[in-house]
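Chemist: Dropping a structure here in structure tokens format, bear with me for questions.
The values are calculated or read from the model by the stated rules, or taken from the named source; none is laboratory data. This structure is a prediction, so every number in the text was calculated from the model and none was measured. Cβ coordinates were reconstructed from backbone atoms using ideal geometry, including for glycine residues, and neighbour counts include every protein chain displayed. These area figures cover heavy atoms from the full protein model, side chains too; ligands, DNA and RNA do not enter into them. Shrake-Rupley method; radii C 1.70, N 1.55, O 1.52, S 1.80 Å.
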Amino acid sequence: MNEFDCINIFYNMIYGQDTAFMRDVFETYEHFCYFREWLFHRDIYMPSFNIIDQTIFSVAKSFNSVNEVRHVLHGDIREEINEIRSKYAPMTHIIFFPGVNEEPWPTFSWDDPHVMIHNINYKIDETHLVMDDPFPGCLDAILNIDKWPGALIFTEGQSTFFPMRSQDDIEKLKAFINSDQLYKNKRTHNSYYLHLSDLHLGPAKKSRQLDALYDSLNALMPYLHSDHKLKTIITGDLMNSPSKKNMYKANDFMTSLKKRYHTDVTFVLGNHDMIVHGVNIGGGQKSKVIAYLLGDKIKILEDDKIILIKIDSNSQGSLARGAVGSRQLYEIEEELSTVDHLEDYTPVVLLHHHVYKVGKADFLKVAFKEKAILGKLLDSSKALIDAPIFISWLKRQRIRYVLHGHKHIPFFMKKDHAYIISAGSATGGGLKEEKSKYLSYNLLKYDYINNKMSVCFIFYIDRLKTNRSRIEIYIMEDEKHV
């Protein structure tokens with residue numbers, strides 16, 4: 001546990017995120033003692049915590065709510081928490097974040113009884129950019145990680161991030177906090193791309209799991225500050241099979257995204273969008289699916305100067321295994337040649353099948369069948385057949401961003417100056433951690449002034465306990481493709 005872990009637990013307690021608070025503070029006895037000491041050094045008094053020894057902790061750890069803990073304590077922990085909330089929730093809070101992979105700044109202080117300050121006084125390592133159960137308002141700092149160092153300023157229901165580059169900025173920050181623009185100045189030169197995949201719409205349970213996805217997106221949207229429209233990319237398997245009923249469900253889902261989030265939607269086909277129970281469907285029906293769902297091979301997003309290259313990786317594949325084919329790549333090249341000033345645009349490739357092997361995050365369970373020889377054979381049977389040819393084509397076309405799905409595993413990698421980004425299943429499947437079952441999606445932050453992706457965020461949402469969330473953060477290097 002570190003300083004920010006304690007800050008996060010504290011504000012989940014302050015802002016009523018009881019499930020996250022209980023899960024994190026009672027994760028281990030060592031974590032509990034560290035947080036109790038953290039409170040003590042800030043003169044935050046919780047008498048109930050002082051009587052919790054390792055024996056009482058082992059009992060409290062099994063509880064899911066603050067009210068249940070009351071039964072093993074002599075004090076009323078709920079009353080203590082309410083008193084702390086009433087004192088701290090109305091205050092203005094500031095967290096100073098150092099730059100990633102940079103030494104922390106000197107500790108700042110502020111002589112104002114209505115302001116509470118926290119300093120992150122250790123080096124933040126890019127290899128450990130993971131956040132569990134972020135408190136309300138914290139997303140403003142997370143989504144601005146490419147602007148660190150800086151200060152997250154927040155109070156209940158409002159937040160903003162203030163980039164800082166020198167100690168002189170502390171005086172500018174004070175003036176900013178006292179201005180009437182504190183929570184109003186949200187202008188930015190970034191746009192956002194929501195990356196979904198493998199919804200497998202059709203079965204009733206998948207439709208029910210959309211509620212957890214919508215809940216997460218509803219919480220995220222207020223933090224996506226941009227002058228440009230949100231874009232949504234879906235990398236295949238919208239449907240579990242291409243029946244007429246499922247096509248309507250897929251269409252309804254995309255219409256819902258547009259209405260709820262005012263987003264532009266682009267998608268490519270997955271193998272489940274084109275096969276029934278592993279068998280290629282009849283040519284007539286297949287043609288209808290392609291005509292209904294696919295459309296042109298490239299899509300130009302003029303406001304961001306991005307070209308989305310939509311690749312059908314099912315056209316020459318077999319069952320779950322895909323292929324691109326030289327003919328399709330040639331046709332894409334021909335279509336790209338018609339774009340005026342092509343060099344001014346950033347190309348982003350979309351396909352369903354994975355180009356490189358993908359692996360689960362360390363915190364997720366790996367099933368025995370995935371470790372066994374059969375699991376390895378199944379994995380190879382789902383890979384892109386002509387991946388080496390496709391990779392060579394990416395290099396020749398100087399393409400830096402490739403988005404895909406298929407394996408239901410979120411994954412981020414940099415390979416030969418290109419970023420290969422996989423989305424998991426937006427309705428869940430195959431991602432487990434003890435009792436938790438996750439759906440997942442990605443969010444890409446795009447700098448439309450410098451024409452580059454800056455950050456990839458991978459969101460894991462527990463579809464059984466929707467207060468649970470995990471965010472993995474990957475900062476993309478500012479470099480030219482060579």
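Chemist: Report, by chain and number, residues whose modeled amide H sits under 5 Å from the one on M46, excluding near sequence neighbours (fewer than 5 apart, same chain).
Modeler: Result for M46 returns nothing.
Chemist: How large is ³J(HN,Hα), in whole Hz, for each residue of segment 356-361 in order, when computed from phi with the Karplus curve 6.51 cos²θ - 1.76 cosθ + 1.60 and θ = phi - 60°, using x for Gly and Pro?
Modeler: Couplings: 10, 4, 10, x, 6, 4 Hz.
Chemist: Mind ordering 339-348, 128-137, 406-415 by average Cβ neighbours within 10 Å, highest first?
Modeler: Ranked from most to least packed, the peptides come out as 406-415, 128-137, 339-348.
Chemist: Can I ask one more? Please state, as a whole number in µm²/s, the translational diffusion coefficient that the Stokes-Einstein equation yields for segment 19-96 at 37 °C and 0.692 mPa s, with Rh defined as the Kirkwood radius across alpha carbon pairs.
Modeler: Translational diffusion coefficient: 247 µm²/s.
Chemist: I'd like the carbon and sulfur percentage of the solvent accessible area for the chain, probe radius 1.4 Å, heavy atoms only, ligands and nucleic acids excluded.
Modeler: Using a 1.4 Å probe with all protein chains present, the chain comes out at 50 percent carbon and sulfur.
Chemist: Rounded to whole Hz and in sequence order, give me ³J(HN,Hα) for segment 303-312 from the Karplus expression 6.51 cos²θ - 1.76 cosθ + 1.60, θ = phi - 60°, writing x for Gly and Pro.
Modeler: Going residue by residue, I get 5, 9, 6, 10, 10, 8, 9, 9, 9, 8 Hz, with x marking Gly and Pro.
Chemist: Work out the charge dipole of the chain with +1 on the Cβ of Lys and Arg and -1 on the Cβ of Asp and Glu about the Cα centre, then indicate which of L431, I311, S86 is farthest towards its positive end.
Modeler: Value computed over the given set: I311.
Chemist: Quote the charge dipole size of the chain about the Cα centre in Debye, to the nearest 20; the model charges only the Cβ of Lys and Arg (+1) and of Asp and Glu (-1). Could the numbers behind the result be given before it?
Modeler: Details: 59 positive and 62 negative charges, 476 e Å.
The dipole magnitude comes to about 2280 debye.
Chemist: Could you point to the residue in G150, M46, H228 farthest towards the positive end of the chain's charge dipole, with +1 and -1 charges on the Cβ of Lys/Arg and Asp/Glu respectively?
Modeler: The Cα lying farthest towards the positive end belongs to H228.
Chemist: If one computes P(r) from the Cα atoms of segment 1-44, what percent of pairs lie at distances over 13 Å?
Modeler: Taking all Cα-Cα pairs of segment 1-44, the fraction more than 13 Å apart is 47 percent.
Chemist: Could you give P(r) for segment 144-202, binned at 5 Å from zero, as whole percent values over all Cα-Cα pairs?
Modeler: Spelled out per bin, shortest first, that is 4, 13, 21, 21, 14, 7, 6, 6, 4, 3, 2, 0.
Chemist: Right, next: Any chance you could tell me what percent of the C-alpha pair distances in segment 94-228 go past 24 Å? Working shown, then result.
Modeler: Values: 3620 of 9045 pairs.
Tail of the P(r) past 24 Å holds 40 percent of the pairs.
Chemist: Whose amide H sits under 5 Å from the amide H of L199, counting only residues 5 or more places off or on another chain, with H placed in the peptide plane?
Modeler: Here the answer is L238, A426, since their amide H atoms fall under 5 Å of that of L199.
Chemist: With viscosity set to 1.306 mPa s and temperature to 10 °C, compute the Stokes-Einstein D of the chain, Rh being the Kirkwood radius across alpha carbon pairs; µm²/s, no decimals.
Modeler: My calculation gives 65 µm²/s for D.
Chemist: So for the chain, taking the charge dipole from beta-carbon charges (+1 Lys/Arg, -1 Asp/Glu), which of V72, L444, F35 sits furthest toward the positive end?
Modeler: Of the candidates, L444 comes out farthest on the positive side.
Chemist: Using packing as a proxy for protection, rank 196-205, 355-364 so that the peptide with the highest average count of other Cβ atoms within 10 Å comes first.
Modeler: 196-205, 355-364
Chemist: Here's a follow-up. Collect residues whose amide H, placed 1.01 Å from N in the peptide plane, falls under 5 Å from the amide H of V455; neighbours closer than 5 in sequence don't count.
Modeler: K445, M476
Chemist: I want the antiparallel fraction of DSSP beta bridges within the chain, as a percent rounded to 5.
Modeler: Numbers: 51 of 79 bridges.
So the antiparallel bridges in the chain amount to around 65 percent.
Chemist: In Å², and per residue, what accessible area does the chain have when probed at 1.4 Å with the other protein chains present?
Modeler: Here the per-residue accessible area is 46 Å².
Chemist: State the Kirkwood hydrodynamic radius of segment 418-464 in Å, one decimal place, computed from all pairs of distinct Cα atoms.
Modeler: One decimal place: 12.1 Å for the Kirkwood radius.
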